[in-house]
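Some notes on the structure that comes next.
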């Protein structure tokens, strides 16, 4: 039995609890929030769960094996390090942190204490991306030529006004890229490998009183020679499902959230055709395109299950902190490029 505690009891915390409760031999036992009485009220809804507003008392709860962290993005580092020092395994909501250097501090602390630090990019566990990744690994696309990620979502002004940390560099770490598009960017990197150079533009087009971008475009040069494009916005009413295209000399695939719009190869098989027919209408949620709450918990459950298995097998999880850092570093490079009006080479 693996027992979970949660740091930060905002909206996404309930998704975490649903995921935990859906797994065998997993239990939510404690929650922490710095707002007095909030954790107590929150945890009262779950039998056997204890609410804390003192982080040291929370981390001293010997029942807790794994801590999930759902604080604002730029406030992941401190609770993560505290939990790691307390020898708790941790799973951190995206992004891992808001700069690659802050991600590195988490990674080093996990190694120092001999515990697991993992990120949450649940899209990697959906069937359509897994099928495309398998085809990439089997070289079925041939030479990758151009690959892109499109996240044309919509967020109202009320969304940004609903919490003082939203749209700030210090706690949101960025806008349409760091907060919303990062899942698609993670998939693009998973499929295409390391990025060598980026050139980018960002803009604030339809929102006010925020510090960060609501629109961005970037051109990527991958180490394998493939070229790529990232488009991200929260100014595309009414919001479209995220889309990733992978194109090569012997095949192409197009993913729209959990569905396949294209899955075709020069050496097409009957199995490929069956996969495409089965996966053309596989999306069951709104994907967060216009409503950040319109996501399911099944992706989180698969992430959590992999971490539990990794602990039992004494291996790295599929979404280790090092893997979760990759998208943060690329987005950081995009922001530098846009700000300084120049190409930026990676690693930073």
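Worth a mention:
- Single residue of 267, 245 found to be assigned to a strand (DSSP E or B) and in the same structural domain as residue 176 (by TED's automatic domain parsing): 245
- Residue 129 being closer than 22 Å to residue 221 by Cα and either part of a helix (DSSP H, G or I) or not assigned by TED's automatic domain parsing to the domain that holds residue 255 (or both): yes
- Selected residue [in contact (Cβ under 8 Å) with a residue 24 or more places away in the chain and either over 29 Å from residue 184 (Cβ atoms) or in the same structural domain as residue 261 (by TED's automatic domain parsing) (or both)] from 117, 86: 86
- Applying the condition of being in a loop (DSSP other than H, G, I, E, B) and within 19 Å of the chain's Cα centre (by Cα) to the stretch 192-211 and asking which residue is farthest from residue 124 (Cα to Cα) yields 194.
- For the stretch 50-63, a tally of residues being more than 28 Å from residue 172 (Cα to Cα) and surrounded by 21 or more Cβ atoms within 10 Å (Cβ to Cβ) returns 0.
- Where residue 239 falls short, out of the listed (1) at pLDDT 95 or above; (2) in a loop (DSSP other than H, G, I, E, B); (3) surrounded by fewer than 18 Cβ atoms within 10 Å (Cβ to Cβ): (3)
- In the stretch 159-174, the qualifying residues are those that are within 21 Å of residue 239 (Cβ to Cβ) and in contact with a helix residue (DSSP H, G or I) (Cβ under 9 Å, 6 or more places away or on another chain), and the one that is surrounded by the most Cβ atoms within 10 Å (Cβ to Cβ) is 174.
- Check on residue 96, modelled with pLDDT of 95 or more, more than 25 Å from residue 26 (Cβ to Cβ) and not assigned by TED's automatic domain parsing to the domain that holds residue 214: no
- Checked against (1) in contact (Cβ under 8 Å) with a residue 40 or more places away in the chain; (2) under 23 Å from residue 297 (Cα atoms); (3) outside any helix (DSSP H, G or I), residue 47 passes all but a single condition, namely (1).
- Test: residue in the stretch 139-158 that is free of Cβ contacts under 8 Å to residues at least 40 places away in the same chain, exposed (fewer than 15 other Cβ atoms within 10 Å of the Cβ) and farther than 26 Å from residue 269 by Cβ: yes
- Restricting 157, 150 to those that are outside the structural domain of residue 7 (by TED's automatic domain parsing) and over 19 Å from the mean Cα position of the chain (by Cα) reduces the list to 157.
- One residue stands out in the stretch 113-122 among those that are crowded, with 21+ Cβ neighbours inside 10 Å and outside any loop (DSSP other than H, G, I, E, B): the one that is modelled with the lowest pLDDT, namely 122.
- Test: residue in the stretch 59-69 that is within 25 Å of residue 323 (Cα to Cα) and assigned to a loop (DSSP other than H, G, I, E, B): yes
- Residue satisfying condition, being more than 19 Å from the chain's Cα centre (by Cα) and within 25 Å of residue 231 (Cβ to Cβ), within set 141, 121: 141
- From the list 340, 316, the lone residue that is farther than 20 Å from residue 103 by Cα and surrounded by fewer than 18 Cβ atoms within 10 Å (Cβ to Cβ) is 340.
The values are calculated or read from the model by the stated rules, or taken from the named source; none is laboratory data. Being a predicted model, the structure only gives us computed values, none of them experimental. Glycine also receives a Cβ, built like all others from the backbone with ideal geometry; neighbour counts cover every protein chain displayed.
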